[in-house]
Structure formats: structure tokens, C-alpha cells
Amino acid sequence: MELSHDTELLAIYREELESRTSALLEGARALARGPVSNASDLFRDAHTIKGSSRVMGFEALGEAGQALEFAWRGIADGTRKPTPELAAQLLAVTEQLLPVFEADPVGGSVEMRAAVADLSGTSVEPPQPQTNPPPPPPPPDRTHIPVEDQTIEAAPPALSDLGGLVSALEQGLIGTATRVETTKLYRLINRAAETRLDAEALADAVRALRLAAGNPREIASLAARWEEAVHAMGEAVNDLQTRAVELVSSRFGEITATFEQFSHYLARRTGKEVRLEVTGADVEVDRQILEHLREPLRHLIVNAVDHGIEPSAERVKAGKPASGRVTVRAAVSDAQLHITVQDDGRGVDWQAVRSAALARGLDPELTDADLSRLLFSPGFSTVHEPTELSGDGRGLALSAELAEKLRGGISIESTPGKGTTVMLGLPVSWAFQDAVLLRSVGRAWGIPAAAVTTTFPVAGADVRPTKDRMELVYQGRRIPIGSFGAAIGAGVTEHTGEVVVLATRSGPVAVTVPEVLGRREVAVKSLGPVLAGDGPLIGAAVLGGGELVVMVDPNKIADQVKELPVPPEHRPKVLVVDDSKGVRQLVASVLSSQGFDPFVARHADEAIERLAADSFDALVVDFKMPGPDGVELVQAVRRRDANIPVVMVSAVATSEDQARAWEAGVDAYLDKADLRQGLLVSTLSSLLAMRSGVTR
């Protein structure tokens, strides 16, 4: 079916044509009165009419749009003089647009052909009689759009090498067909036409800039146009991406419409009273992700009703309402889809989980955080006799598999007698994903943003050793922490500057990295068979400039962090550099009493001599000293050793001084008043613990 025969598309096209024509008519009339300031906007209107008309197969209107486009572009860039005669020619063509659309948008009219020829400066060719034209060639084996059923079929999967690392891209979750709203499709087509216009304007500006060499004033003017074109093109590309994602998005409510009925069925089967609440039904989600959510969410509801919600009599005895409540929530924030399934039931029976773990021969001293990982394991269940509803260990496992497949995160929180919440963090779009980028072991890495809870400087971390591993005190809980480099198996020692807390299927964990680069939206490619197996690498993305970012699986990173051993016990050697004898003695005494082995130096030169003669685990450096100050000392130290932790202290440094210190490479900056509050010891302990962890 031709696009021009689709009534809905015709209505959209007409609305667009009327709007753009109205603007062009007003512009032509204004031009007749004098210069106009919006020629670039009118150029865009004409360009859109040209592009959309050709998409619809309306050749006559497409030619008229092209003539108007060239004329308004000439006015905008100054190559065509805005005269009353030109205004009259523009008006003559524009006035024919709507009448021709109604009469014959393909062949046009004599009046339109004459007006277009007059505006373009060409002769009018008489219309050629149409004989039976040969049938059009068959379309290539690529994307096609049958509008009557509003389906877009995806093109065959592309191949991309990415510098020899990435093999054939897998289709992943993308199916063979996706239904879209034709309104959204047509708006995307229009926006694509405008983007092409922006690209042409940018190309024109570049050509003009090349020709203007040697004329500073003209170069400055062209540079401003170039900047404007680049900005417009950037906005257009972002808008195109947003509209493209909208084409394959659907309401969250599409998969939850039957959940209430399903909960009634579960209530009858279990003999319980249950109310289901769904919020966020209007949240737009990539349809490919949405379809894969349906079954895991149903299993989570089963878990909530069968395992979580108590019988009415038990709830009343515990002071709760007789009817239990299960809530399914969906929300989008920071380009991430957050889904929670929460019940107000009895909570997870950790003792039952521990018993099931012991029956499997696992460590009897596993913490609740370790046990939560087991809940997401396939086949793990605390039910001794499986029923038709539960006991096969699939409920949480399906959700964990989904989170891993979509490069998201999953976690569980449970309070005895209060209930349980399972939280899924997923990308809103399968094609584009937000990632937190970091630098470690000399290259860029990416972690799906949905799995990143927070990041903060390592100097503010409270890290403590346990019998089996290092742990971070975070929000009142102790969670495993280790070096990112160690977790990916790099096995190298590196300076650590920031902590990244991850939400994973086995609970929260933290990793230390030299630098967090920020958050970026990336198009992730699967690595296919190149990295098949149990490793933490899951994909790759290319940043601007061609830099490759390797994406890692937060769940597998968490598994590795939990296995990193505690660094061996020793008294860290700390060099204290301060020109005040009293401060040196005070700091050395405090450090010695807290398990450190302190050494002292009176100034920067003496410190350099000591560093050359011996090795130290950390430095405590005063800012103000005679001769080279603390910043200059740190700069010299960093040229020799990029990894040794350095803490700078000062009582008089300004914000500019502090900025110099951070730029020189200090790991922490403390006021001398902080020394009396014990912050130096805790800061050094954290920095040394992080540095020790990277080698294991």
C-alpha cells in the first residue's frame, strides 16, 4: 500500500503542510515590505515540505518545496538579494501549495509549474503523457514499512569490528517486527529531513570558511554560523534519537493489565486476602524490554503472595490489616527504569534460607547479604515440597537473569514482620543505555548506570577488614569492597581515588577506581563469541574520538569482589613531612598508637632524600613549609610514584591553594583541626586498605 493512500498519514501531512505554508506565506508578505530576520526558519519550513512531499510521493509539491528551499536559503546566507520581485515569486509558489495538494499533488498544475519556473529561473516543460511505466524494482532486503498494519520490520543484523575486538553483533532482544504509531513515524520522518538540512547548512559553512581564508572578519562571521549549525544539528540528532526510541516504546500498563486478575487467582489458591496496586502504568518503556518483563514480574507477584503475605488470622494477630498488599511500581529517573515489587508480609525467613544453604553444603557463616545472592540462584528455594505455584526456584532467578541480560541491576531488601521489596534497575531503551564510565588499569570501562547507586571520594570511605574480606561501612551497613582492577582480573597496583557502590543481585558491593569519568549515554554492542564464558565483560561502546569503552557486568564484578582476600597484616610506614617539630611529634605519636610506623622529615628536600633511600606506604604532608611547599613536594612525589597515598594538611590554605593541591595529586585534604578528631587515622586506613586491595 502506498503511503499516499493512508488516510491517517494524509491527515498528518495536511496538518504539517498547512502549518508550514502559513509560515511561508507570512514570510513572503513580510519580505515584500523589507528584510526579514527569520529566513533560516523559513528555509527549514520549505525543506521540510520538500522532504515530506517526496516521502509521500507528491512530486509536484516536492519540486515546489525545493524551489522555495533554495530561494530562502539564498536569502538566509546572503547569496540572493531580497527584492520585492523575489517576494512576489515566493508568494506565487507558496499560494499554490494547498490548492495543488487538493487537486493533483503528483502532477501539479500549470500555474504551479509556471510559478516554480519563474522562481527558479528555468523554462516550463509541458507535462509528458504517462504510458504504462515499468514496475518499480523490488525493495532491497532491508527495512520496509507496511503502513496498513503499522509494522516496521528490522533490517538484517549489521556487522561491526570495533578495532578487531567486537565480532558479529547479536540481535539480542530485538525481534523481527515492531509495531509503531504512524503519527510518531511521520514526525520522525520530518525530523530526519530537518536534520539533513542542518547537515547541509554545516557543510555549506565549512566550504565558505575554507574560501574565506585570510579575511578575519568573514572568518569570524562564518565561524558563528558554523557554531550555530553545529548546535542545531546536535539538538536535531538528540531529538531524532528520542523520537526513534519513542517508536518502539509502549506503556508499562500494557503488561500489568491482567495482574490484578492474576492476584485474585493467587489469593483464591492460597486462601489469603490480597490487594494488588500498580503505579506507573503510563511510564513509556522500550517494547522489547517490556515484553521480557511480563513473566519475571508475574513470578515476583507469586513469590510475594505465596511466601510473603501471611494468612489473614496471622496478620490480624500481628496487628496488621487482614488483607495483605502487594505493590508493583514503575518509574523513570535519570534515563533509568526503576521497578519495585513490594509486599507488606512476613519478610524473608533468613534462617530458612540458611538451612537451605547448609543443605547444599555451603558455608554456615554466610551473612544475610551473601544469602540474598542465593535467593537469585536458579533452582534455589526454601520450599521443601514444591507446589504448582512455587518451590522450583524460578521466581527471583528469572528477575536476576533479566537484569543481567539487560545490563541492569537487581537487589532485595527485607525486614522481618514488615515485608520484602525486590528492586529492578533497567535501561529505558535497549538501543541506548546510560553508563557510568571510569578509568582503571589504563583504559575506560563502563558499568550500566542502573546498577550504580552512588560514587564518592575514597578519602571519605570507612573501610574495615574482616576475617574473610574488606568491608565498607555504607548507610549503616557493612558491604564488601575491593579494587575494580582486581575484580576484573587485571592484578596490577594502581592509585585509587573514588568508590563506586553497586546494586547487584547478591546485594550492594563497592569497588575502588582511580577515576570516575562521568555518566554517558552509549549504544552498547554485544561482544558475541569473542568473550563468551563466565567473565565480567559483556559488551563494548565507542565514544567520540574512537575511544573504546568495555562494558562490565556488575553482578559478576560483585561475585569477584566477595572473593578478594583481606590484605596481610602489617604496620604501614608513613612519612610525616612538617616544618613544625611539635606537629611532627604529635602526628607521629598518634599514628604509632594506631598501628602505623611513622617517620618524619622537616621539609620537602629532606622528604625527597628519605623517599629515595627507603620505601613508604603513605605520606602526610604539610602545605606551608620553607623552601618548596607541600604542593611542589607532591608534584615531585607523583613523578616518582603515582600510587602512594598522600594526605595533605593545612591550617591556612585558601581555596586556590587547595585547588593546587588536588591538581598535584593529593588523595585527601584535611585541616589541621581535623587531626584532633581522628580523621587522619581513618583517612589513611581507608586509602591504604584500598591500595592493598588492588593487588589481589
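Where a number appears in this text, it was derived from the coordinates with a stated rule and is not lab data. Since the model is a prediction, treat every value here as computed from it, not as a measurement. Don't worry about glycine lacking a Cβ; one is built from the backbone with ideal geometry, like all the others, and counts go over all protein chains shown.
Observations on the model:
- For the range 661-670, putting each phi into the Karplus relation 6.51 cos²θ - 1.76 cosθ + 1.60 with θ = phi - 60° gives couplings of 5, 4, 5, 5, x, 5, 9, 7, 10, 10 Hz, in residue order, rounded to whole numbers and with x for Gly and Pro.
- Per-residue packing, averaged as other Cβ atoms within 10 Å, sorts the ranges 611-622, 57-68 into the order 57-68, 611-622, beginning with the highest.
- Under Karplus coefficients 6.51, -1.76 and 1.60, residue-wise ³J(HN,Hα) of the range 269-274 in Hz, glycine/proline x: 5, 9, x, 10, 9, 9
- Ranked by how many other Cβ atoms sit within 10 Å of their own Cβ, fewest first, the residues K50, K581 fall in the order K581, K50.
- For V600, distant residues with modelled amide H under 5 Å away: V576
- Sites A313 and S333, calculated FRET efficiency, Cβ-Cβ separation with R0 60 Å, nearest 0.05: 0.90
- If R0 is 22 Å, the Cβ-Cβ spacing of T83 and L25 corresponds to a FRET efficiency of close to 0.75.
- Close Lys pairs in the range 251-426, defined as Cα atoms under 21 Å apart and 8 or more places apart or on different chains, number 5.
- Separation of the E235 and L586 label points, Cα + 7 Å toward Cβ, nm: 5.8 nm
- Annotation: amide H of G507 within the under-5 Å range of I412, sequence separation 5 or more or interchain, hydrogens built in the peptide plane.
- Here's how it looks for M470: its modeled amide H is under 5 Å from those of I481, which are all 5 or more places away or on a different chain.
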